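Asks: Just dropping this structure here.
The values are calculated or read from the model by the stated rules, or taken from the named source; none is laboratory data. None of these values were measured; they are calculated from a predicted model. In this analysis, Cβ positions are derived from the backbone assuming ideal geometry, glycine residues included, and neighbour counts consider all displayed protein chains.
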Amino acid sequence: MGLPLFDAQSDPGPSFVRFAELAGLTTTPHHTELSAHATTVVAVRYDGGVVMVADRQATSYYVANRDVRKIEAADRYTALAISGSAARGLEFIRLAQLSFEHYEKMTDSALSLEGKANYLSPLVQRNNLTSTLVVLPLLAGWDLAHQRGRVFEYDGAGGCYERQDFAVIGSGSPFADSTLRLGFTPDMSREDALALAALAIYEAADNDPSTGGPDFVRDIFPMLVTLTSEGFRELDQETASATFRAINDRRSASRGVAGGTLR
Amino acid sequence: MSNYFYVAPEQLIKDRAEFAQKGIARGRSIVAAIYDVGVVMVAENPSASLNKISEIYDRIAFAGVGKYNEFDRLREAGIRWADGTGYTYSREDVDARALANFYAQHLGDMFTEGQKPLEVEILVAQLGNKFRPTKLYRVAYEGTISDETDFAVLGGDAETIKGRFADLEVGRLTLAQTLKNAVSALAGPDRQLPVGDLEVGVLEDRGDRRTFARLDDEQIARLLA
């Protein structure tokens, strides 16, 4: 690639995607085969920020991968999760991460959280209206300007909606959503929010064959992430293991019956 | 019928070089130096928002003197080139030498074929790791590229400042000492540079992928104290 200089009229500005299109770096999606997909990711708001939990399994007709990372830090204060086609989803994360950093370097100021959320809309739209390999992202972050955690979800056509309570994406959504709907209260602590979000993933994995639960055999557990004024933090595997073992022990003690309570 | 006068190529080059040098000499200078664990770039710049020093990539920084609109365009092209290369291949494949070569080619082309040569002088700095060395590439208005070993000075008064800085900077010093030397070399014997007139950028490993940092007035004052 040569030095990408543009005249004032054709200059793509600080948008990496527009530049990549002009330079021919992005490829148009093909309508060929379905690749691995299916997922459950939840994001729950609480007073001090947002917690996110995601399963780790990629599924096609069989289990394709057991330790996929479906949540990534888009930058220091923002997390991006994906559901749908794994190939397009991981590419989507890469493009979003690069876009935010590119904007920051070009203009010497970071995009606002809302700016990041809106920037993803046309990307979702372009991908989903031109390809059968559908991707749906979930954006959550700590808004530095407004000093609070915020969650944004998208529909298939690229519509972006801010959620005040929680958001769920992926094939296990009905089960995770029901769990959150019954368990959510606006005054949760970080620990409560994490426990509830983990339970939502546990329920989704229990009912949806395309969502992976805690894997006690291989010691692979769903990802736990927090977004606070300190930024993006992924909790270690010991914490994830302890969280899911506790849920599993309770469920084993009641022989698989949720028992009408969330705990 | 219009008349074309013959101009000897020597004269043409000389005129163009003089034109570019004059433009560059109007601006303030920049000192960039390698210190014990990083690279520091120091510019005399009263503006807090029109930067002369900026981040290009994880371990690459850019500095420019001369006409702001001209070097800022080169800075933007550099960020695009680096992000585009890293996106196509891998972040490890983004190399300052390749970028400096592109800048040199472009400046060389503009010098010989452009309407007018660009009135800029730029620096591409790279913080080394186990795969690549720490480097300072200076690219002049006519496309000459030089690989500076310990430090580089850009701008009109470069030779004088270079002499002053070389006398002070002996071996690889700490960031604070190198910054002090750079500031006193920029200021000269009869002048004091206020902290507000300094723009400082560093490349240093802090455990993050991105190594560039801009120092604010408070951090600069603390280091100069």
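Asks: If I filter segment B:26-46 for residues that are at pLDDT below 95, out of contact with any Ser or Thr (no Cβ under 7 Å at 6 or more places or on another chain) and within 14 Å of another protein chain (Cβ to nearest Cβ), do I get at least one hit?
Replies: Looking for residues that are at pLDDT below 95, out of contact with any Ser or Thr (no Cβ under 7 Å at 6 or more places or on another chain) and within 14 Å of another protein chain (Cβ to nearest Cβ), one finds at least one in segment B:26-46, hence yes.
Asks: Follow-up. What's the total number of residues in segment A:106-122 that are in contact (Cβ under 8 Å) with a residue 24 or more places away in the chain and within 14 Å of chain B (Cβ to nearest Cβ)?
Replies: 3
Asks: OK, next. Return only the number of the condition from (1) surrounded by fewer than 17 Cβ atoms within 10 Å (Cβ to Cβ); (2) of a type in the set (A, V, I, L, M, F, W, C); (3) part of a helix (DSSP H, G or I) that A:Ala64 does not satisfy.
Replies: The one condition A:Ala64 does not meet is (3).
Asks: Being surrounded by fewer than 16 Cβ atoms within 10 Å (Cβ to Cβ) and within 10 Å of chain B (Cβ to nearest Cβ) is the filter here; which residues of segment A:12-21 pass it?
Replies: A:Gly13 - this is the single residue of segment A:12-21 that is surrounded by fewer than 16 Cβ atoms within 10 Å (Cβ to Cβ) and within 10 Å of chain B (Cβ to nearest Cβ).
Asks: Considering only residues that are touching a Phe, Trp or Tyr at 6+ places or on another chain (Cβ under 7 Å) and in a helix (DSSP H, G or I), look in segment B:7-44 and name the one that is farthest from B:Gln115 (Cα to Cα).
Replies: B:Ile24
Let's see how each residue does on (1) surrounded by fewer than 15 Cβ atoms within 10 Å (Cβ to Cβ); (2) over 12 Å from A:Val42 (Cβ atoms):
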| position | (1), (2) |
| --- | --- |
| A:Gly170 | no, no |
| A:Thr185 | yes, yes |
| A:Asp192 | no, yes |
| A:Ala197 | no, no |
| A:Phe216 | yes, yes |
| A:Thr228 | no, yes |
| A:Leu235 | no, yes |
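Asks: Kindly indicate which of A:Thr39, A:Thr78 is more than 14 Å from every other protein chain (Cβ to nearest Cβ), buried (at least 21 other Cβ atoms within 10 Å of the Cβ) and at pLDDT 90 or above.
Replies: Of A:Thr39, A:Thr78, the one residue that is more than 14 Å from every other protein chain (Cβ to nearest Cβ), buried (at least 21 other Cβ atoms within 10 Å of the Cβ) and at pLDDT 90 or above is A:Thr78.
Asks: Now, a different point. Return the residue satisfying two criteria in turn: it lies in segment B:59-98 and is under 13 Å from the mean Cα position of the chain (by Cα) and within 11 Å of chain A (Cβ to nearest Cβ), and of such residues it is surrounded by the most Cβ atoms within 10 Å (Cβ to Cβ).
Replies: Result: B:Phe62.
Asks: Count, please, the residues in segment A:81-105 that happen to be touching a Lys or Arg at 6+ places or on another chain (Cβ under 7 Å) and away from every other protein chain (no Cβ under 14 Å).
Replies: 2
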